[in-house]
Amino acid sequence: MYIRFLKVQPVNKWDQKRKILRRYDLTAKMYDVRYAEEQGVKYRAALEHLNISSHSRILDVGCGTGLLFSHVAAEAETVVGADISGKLLRQAKERARDFRNVHLVQADADHLPFKDNDFSVVFAFTVLQNMPKPLETLSEIKRIARRGASVVVSGLKKAFSLEAFIALL
């Protein structure tokens with residue numbers, strides 16, 4: 001019998017986030033080509049079950065290049081896109097120019113720079129698998145969502161089994 005002891009180094013969550021940030025900065029130019037069709041399907045499916053009104057304050061956590069904006073900005077009071085990647089946000093800025101009510105913030109999804117109970121609708125499409133502690137991310141989303149807010153979260157099948165995703169939520 002062989003016994004082997006391994007010392008497992010803890011993963012620094014900031015190292016993991018920097019790695020994700022670099023990955024998205026490097027792939028920003030092809031983000032829309034890669035993800036637009038898939039994200040559009042998710043947006044349309046989610047929006048079938050939501051009522052966006054002229055009083056809706058919407059936050060898109062992990063907004064990427066702002067693909068969601070065209071689906072919600074015309075109906076909402078305010079749309080805020082938050083992403084950690086500066087290069088993705090530069091592209092989102094171009095898309096946001098079409099709307100007077102869309103604002104962008106570079107922010108970490110675990111430390112959102114918004115007051116408690118600020119948003120009536122929060123989207124976090126395909127964000128949780130990039131986070132070191134998804135439960136902390138969900139807690140932060142809950143903090144900034146108003147009571148009775150609609151919160152839409154998606155995750156990649158390769159990162160979460162359905163059971164694990166449901167348990168996390």
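The values are calculated or read from the model by the stated rules, or taken from the named source; none is laboratory data. This one's a predicted model, so the numbers in the text were calculated from it and none came from an experiment. FYI the Cβ positions are ideal-geometry reconstructions off the backbone, even for glycines, and counts take in every protein chain you see. To get the accessible areas, we keep the full protein, side chains included, count just its heavy atoms, and leave off ligands, DNA and RNA. Shrake-Rupley method; radii C 1.70, N 1.55, O 1.52, S 1.80 Å.
Has the range 133-153 got any residue that is in a loop (DSSP other than H, G, I, E, B), in contact (Cβ under 8 Å) with a residue 40 or more places away in the chain and surrounded by 13 or more Cβ atoms within 10 Å (Cβ to Cβ)? Taking every residue of the range 133-153 in turn, none turns out to be in a loop (DSSP other than H, G, I, E, B), in contact (Cβ under 8 Å) with a residue 40 or more places away in the chain and surrounded by 13 or more Cβ atoms within 10 Å (Cβ to Cβ). Can you tell me which residue is farthest from Val127 (Cα to Cα) among those in the range 17-54 that are open to solvent by 80 Å² or more (accessible area, probe 1.4 Å) and of a type in the set (Asp, Glu)? Filtering the range 17-54 for residues that are open to solvent by 80 Å² or more (accessible area, probe 1.4 Å) and of a type in the set (Asp, Glu), the one farthest from Val127 (Cα to Cα) comes out as Glu48. Ala73 meets all of the listed conditions (1) within 21 Å of His49 (Cβ to Cβ); (2) surrounded by 17 or more Cβ atoms within 10 Å (Cβ to Cβ); (3) aliphatic (A, V, I, L, M); (4) touching a residue at least 40 places away in the same chain (Cβ under 8 Å) but one, namely (4).
Among the residues that make up the range 48-56, is at least one of them closer than 23 Å to Leu135 by Cβ and not hydroxyl-bearing (Ser, Thr, Tyr)? No.
Condition test on Phe99, is it assigned to a loop (DSSP other than H, G, I, E, B), in contact with a strand residue (DSSP E or B) (Cβ under 9 Å, 6 or more places away or on another chain), open to solvent by 40 Å² or more (accessible area, probe 1.4 Å) and over 18 Å from Ala28 (Cα atoms)? The answer is yes for Phe99. With the structure loaded, tell me whether Ala92 is in a helix (DSSP H, G or I), surrounded by 12 or more Cβ atoms within 10 Å (Cβ to Cβ), hydrophobic (A, V, I, L, M, F, W, C) and at pLDDT 95 or above or whether it fails that test. Answer is yes for this residue. Taken over the range 114-132, the criterion of being of a type outside the set (A, V, I, L, M) and either farther than 19 Å from Tyr24 by Cβ or part of a strand (DSSP E or B) (or both) is satisfied by Phe114, Lys115, Asp116, Asn117, Asp118, Phe119, Ser120, Phe123.
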